[in-house]
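See structure below.
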Amino acid sequence: MANIHLDHLRENIALVRKKTGKAICLPVKADAYGHGALTIAKTSLAAGVEYLAVAAVEEGEELRQGGITAPIMLLSVVLPEEIDALIAMELEPLAGDDEYITALEGGAARAGKTLSVHLKIDTGMGRLGCPPGEAAALASRIAESKNLKLAGTATHFAVSDSAKPEDQAFTSHQWETFHLAVKSIRDAGIDPGLIHAANTGAVTFHNDAWFDMIRPGILLYGYAPENKEGKPALAVKPLMELKSALVFIKTIKKGQSLSYGRTWTAAEDTLIGTIPLGYGDGLSRLLSNNWQVLAGKELRPLAGRICMDQCMVDLGKNSTARRWDPVTIFGGPAPHAGIMAARLNTIPYEITCNINKRVPRVYID
C-alpha cells in the first residue's frame with residue numbers, strides 16, 4: 001500500500017505560501033503524481049490553494065465529477081474532438097497559436113459560453129507556446145473575441161531547478177524574455193490576466209519569477225531541488241510512503257541462486273523474504289539487486305530480479321524477521337523516493353507516478 005501523508009501536504013503548502021506570498025496553482029495531473037488526484041485536490045484547496053492544473057480533459061472531468069468547483073488549468077493541447085468536453089468541464093486551456101485559439105473560440109461559441117484562456121509563451125522550453133514576438137498579437141486576438149477571455153499569461157522554465165551557473169543564466173534569459181513579452185501585451189493596452197511562470201525550481205531559486213501565481217509541482221509533493229551544497233533547498237516533507245509485508249520466508253543455502261536470470265547467488269546461508277510487490281505495481285525492475293528496503297529496523301538489500309508481482313529481500317542469516325512483518329520500500333523511516341530516483345538516474349516524479357492503481361492509497365492525516 002502507499003501511505004499518503006496529507007498533513008505533510010498541508011505543511012508543504014504553508015511553507016511555500018510563507019516563502020512566496022503568492023497564489024498557488026497545484027498540478028494534480030497523472031493522478032496527482034501518483035498520490036490520488038481527487039483527495040489531493042480537496043486537501044490542497046481546503047489548505048488555501050487557488051488553482052489546480054491537469055494535462056488531460058479526462059483528468060479535469062474526474063475532478064469536476066468529484067465535486068471540485070475551483071479553477072482548473074489545462075496544461076496540454078487537446079485534440080479538436082475534445083474541445084467540447086473541455087468547455088463543458090469549464091477547464092482553462094493554455095493556448096499559443098492562432099489555429100488552436102480559433103478552435104477554442106468555435107467550441108465556446110457552439111456552447112454559448114465564454115472560455116477563459118491562458119496565453120502560453122515559449123521562452124526557451126521549446127515544447128508549447130508562441131514566439132515572444134507574437135505574444136501581443138495573440139493576446140489581442142483572445143481579448144477581442146466574444147467567446148474568449150484572457151485569464152492569464154504564462155511560460156515554463158527549463159532548468160530553473162539547477163544550481164549550475166550556466167543554467168541559472170539560461171533561466172534569467174527566459175525570465176527577461178517573458179518579462180518583455182508581457183510588457184508588449186500591456187503596451188498594446190491589453191490586460192494579461194494572471195502572470196504565472198514559476199515551477200518548483202523557480203519557486204525555490206528565482207523569486208523574481210513568482211509574478212502573480214506560482215505552479216510548484218513536485219515541491220508540494222515533498223521533493224525540493226538541491227542547492228549548491230547538494231542539500232534540499234527547502235524543508236518540504238515527502239507525502240508518499242510505499243509499504244508492503246513479508247509473505248514468505250525461507251532459508252537459502254550458500255551458492256543457491258534466486259529469481260529470473262539467476263542474477264543473485266547467496267554468499268552464505270541466509271534468510272530470504274518474499275514481498276508481494278513488483279514491476280506490475282510500478283517498482284522499477286532496474287532496482288533488482290540495487291535497492292534496500294526497511295525490514296524491521298534494518299535496511300536489507302533486494303535479492304534477485306524483481307518480478308511482475310513479487311520481489312525478494314536478503315534478510316540475513318541472523319534475522320529475527322517474521323512472516324507478515326511490515327516492509328517499507330521507500331518513504332517514512334526508509335530512504336525516500338528522491339534517493340531511489342538518484343539511484344536510477346531519474347527524478348522522483350517518475351517514481352511516484354509509476355506506483356499504479358493496483359497499489360491501494362491509504363490517506364494519513
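Can you tell me which residue in region 210-235 is surrounded by the fewest Cβ atoms within 10 Å (Cβ to Cβ), limited to those that are part of a loop (DSSP other than H, G, I, E, B) and in contact with a His (Cβ under 8 Å, 6 or more places away or on another chain)?
212
A Cβ distance below 9 Å, combined with a sequence gap of six or more or placement on separate chains, defines the contacts here; from region 150-165, residues that are of a type in the set (Lys, Arg) reach no residue that is surrounded by fewer than 19 Cβ atoms within 10 Å (Cβ to Cβ).
Screening 245, 303, 295 for residues that are closer than 28 Å to residue 353 by Cβ, in contact (Cβ under 8 Å) with a residue 24 or more places away in the chain and surrounded by fewer than 19 Cβ atoms within 10 Å (Cβ to Cβ) leaves exactly one candidate, 245. Hydrophobic (A, V, I, L, M, F, W, C) and either modelled with pLDDT under 95 or open to solvent by 50 Å² or more (accessible area, probe 1.4 Å) (or both): does that describe residue 70? For residue 70, the condition - hydrophobic (A, V, I, L, M, F, W, C) and either modelled with pLDDT under 95 or open to solvent by 50 Å² or more (accessible area, probe 1.4 Å) (or both) - is not met.
As a summary of the residue check, residue 267 satisfies the conditions (1) farther than 30 Å from residue 346 by Cα; (2) touching a strand residue (DSSP E or B) at 6+ places or on another chain (Cβ under 8 Å); (3) in a loop (DSSP other than H, G, I, E, B); (4) among the hydrophobic types (A, V, I, L, M, F, W, C) except for the one numbered (2).
The set of residues in region 315-365 that are aliphatic (A, V, I, L, M), part of a strand (DSSP E or B) and open to solvent by 50 Å² or more (accessible area, probe 1.4 Å) comprises 362, 364.
The values are calculated or read from the model by the stated rules, or taken from the named source; none is laboratory data. From a predicted model like this one, the values you see are computed outputs, not experimental measurements. Note that each Cβ is placed from the backbone with ideal geometry, even for glycine, and that neighbours are counted across all protein chains shown. Note: accessible area is taken over every heavy atom of the protein model, side chains too, but ligands, DNA and RNA are not part of it. Shrake-Rupley method; radii C 1.70, N 1.55, O 1.52, S 1.80 Å.
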